[in-house]
């Protein structure tokens, strides 16, 4: 799946078969922060933490976001939320 196809998939009611981290970004794109957070929190893999950080940055709960960026071993994002979302989707789809 390409990032453009992923973005277009939010027009359907339920997410396509995706990892929990990608499901989190899918629900975020649909405007359901709660479901997005549940998916990110349930993902024990290497991408759960950076997606979790993004969601708390968006919330905004910057202290909690910093915790999750640190847990992911990443520096806090400095671009726009849209840029971070796109970068995460691209990384996850490639990965």
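The values are calculated or read from the model by the stated rules, or taken from the named source; none is laboratory data. On a predicted model such as this, the values are computed, not experimentally measured, just so you know. Cβ: placed from backbone, ideal geometry, glycine included. Neighbour counts: every protein chain shown.
Data for the structure
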quantity	calculated
Qualifying residue in the stretch 49-63 (condition: crowded, with 19+ Cβ neighbours inside 10 Å, at pLDDT below 95 and farther than 13 Å from residue 84 by Cβ)	no
Every residue from the stretch 2-42 that is loosely packed, with under 12 Cβ neighbours inside 10 Å and assigned to a loop (DSSP other than H, G, I, E, B)	2, 12, 13, 14, 17, 31
Residues located in the stretch 46-77, provided they are outside any helix (DSSP H, G or I), within 17 Å of residue 90 (Cβ to Cβ) and without any contact (Cβ under 8 Å) to a residue 40 or more places away in the chain	46, 74, 77
